[in-house]
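Below is one structure, written out as C-alpha cells, with a few remarks after it.
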Amino acid sequence: MAESSFPVLEQPLTDQQWGQVTLGFGSGVLGGSAGNYALVGVNNATNTAQLSSGGSGSISQAVVSGYYHRIDSNHTISLPAISSGSVTYYIGLTYDPLKHADPSGPVSITVTTSKPSGSGKVYLPLYEVPRVPNELLTNAIAKARVRRALISPTLSV
C-alpha cells in the first residue's frame, strides 16, 4: 500500500483531496439558525416556494460528503400540483461526483419525487413535501416534514 499525505507545500489540492480533508466535518446545514435553507415565499398561483438564504445579507451554508454548498439569496423551487394519486417531493442537497467540472460545483439543490441515489450521489435531505390533488401549496407546505440536519462546532470540557 502506498503512503501519502496532503496538503503538500506549494501544491494545490485536487477536488477529491479537498473532499477527503473536509469529510470529517460531517454532512449537514452549517450553523444553528432556523433560517438556513428554510422554506419561505410560498406562491399558490405558480406552485413555487423558496429556500431562504437566512435573511438579508446572510448566507445559507451546508456540507455534503465533504463538499461545501451555499446560497446568498433565496432560491426558487417548483413543487407542481398533481391531478391524481399522491406524490412526495424530496427537497435537498445532492452531491454528484459527475458534476465536479460544473461551474456551480458538485453539490446542488434538488427537488425530486424519489431520493437521489446511484453513481456515487450523496443526498442531504432538507424537506419532504407531500402533495395530493386539488390542494394549495400552502396546505402541502404546512404538512412538510423537516429533515434538515444541522452541524455546528462542539466544545467538550
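A few remarks follow.
- Selection from segment 123-150 of residues that are touching a residue at least 60 places away in the same chain (Cβ under 8 Å), farther than 19 Å from Ser60 by Cα and either among the polar types (S, T, N, Q) or open to solvent by 30 Å² or more (accessible area, probe 1.4 Å) (or both): Leu136, Thr138, Ile141
- Test: residue in segment 1-24 that is in a strand (DSSP E or B) and under 20 Å from the mean Cα position of the chain (by Cα): no
- Residue match in segment 54-69 (condition: crowded, with 18+ Cβ neighbours inside 10 Å and without any contact (Cβ under 8 Å) to a residue 24 or more places away in the chain): yes
- Being in a strand (DSSP E or B) and not basic (Lys, Arg) is a description that applies to Ser108.
- Qualifying residues in segment 33-53 (those that are of a type in the set (A, V, I, L, M), more than 21 Å from Ser152 (Cα to Cα) and crowded, with 17+ Cβ neighbours inside 10 Å) - the one farthest from the chain's Cα centre (by Cα): Val42
The values are calculated or read from the model by the stated rules, or taken from the named source; none is laboratory data. Here the structure is a predicted model, which means the values were calculated and not measured. We place every Cβ from the backbone using ideal geometry, glycine too, and count neighbours over all the protein chains shown. SASA here: full protein model, heavy atoms, side chains in, ligands and nucleic acids out. Shrake-Rupley method; radii C 1.70, N 1.55, O 1.52, S 1.80 Å.
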